[in-house]
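Taking it in order: structure first as structure tokens, then the write-up.
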Amino acid sequence: MKDLDVEAWSHRYGPMVLRRCRRMLGDEDQALDACQDVFVRVVQQRARLNDRYPSSLLYRIATNVCLNRLRDRRRDPATQDEATLLEIACAEEPGAVSDARLLLDRLFGRHPESSRTMAVLHYVDGLTLEQVAEETGMSVSGVRKRLRGLRTSLTEIIG
């Protein structure tokens, strides 16, 4: 829809998008950059976007932008020292968080990336199955099946 008022969306939903980016990225500068990227994507894709549920749309775009940034950060850290420092800084107990990350990497390696997004939306952000279904464009039963598959895989990995 070419009539999207991106500026009005930015004023109304910008704080929500920024909170989402802060929560996922944990860094103010990166969150600000990601927030800006969200609205750049809206401008670029406005002819294809539906304006019925702008907060849901922006939330999903912000989640995807942040997941991409996190993936890029892991793939291509500026230096190995920086990657190590980042991992140490994020760990609350030595070893506990890195063990959890290894487990999650194994788990999510077995499933489509969209399953990771669903898991984050449901388990981390607290969205209901219905809200996750709306965000991802799947049915509630499809979301439930994906999350059940993740739980089954986790049991296999741990068990």
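See the values below:
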{"quantity": "The listed residue being assigned to a loop (DSSP other than H, G, I, E, B) and without any contact (Cβ under 8 Å) to a residue 40 or more places away in the chain, out of Arg52, Arg41", "calculated": "Arg52"}
{"quantity": "Complete set of residues in the range 120-159 that are β-branched (Val, Ile, Thr) and either more than 20 Å from Arg101 (Cα to Cα) or assigned to a loop (DSSP other than H, G, I, E, B) (or both)", "calculated": "Thr128, Val132, Thr136, Val140, Val143"}
{"quantity": "Residue satisfying condition, being basic (Lys, Arg), more than 26 Å from Leu18 (Cα to Cα), surrounded by fewer than 12 Cβ atoms within 10 Å (Cβ to Cβ) and modelled with pLDDT of 85 or more, within set Arg144, Arg148", "calculated": "Arg148"}
{"quantity": "So Met118, is it over 15 Å from the mean Cα position of the chain (by Cα), hydrophobic (A, V, I, L, M, F, W, C), surrounded by 16 or more Cβ atoms within 10 Å (Cβ to Cβ) and at pLDDT 80 or above", "calculated": "no"}
{"quantity": "Candidate set from the range 1-59 (those that are within 17 Å of the chain's Cα centre (by Cα) and polar (S, T, N, Q)); member that is nearest to Leu127 (Cα to Cα)", "calculated": "Ser56"}
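The values are calculated or read from the model by the stated rules, or taken from the named source; none is laboratory data. Quick caveat: nothing in here was measured; it's all calculated off a predicted structure. A quick note on method: Cβ atoms are made from the backbone with ideal geometry, for glycine too, and the neighbour counts reach across all protein chains shown.
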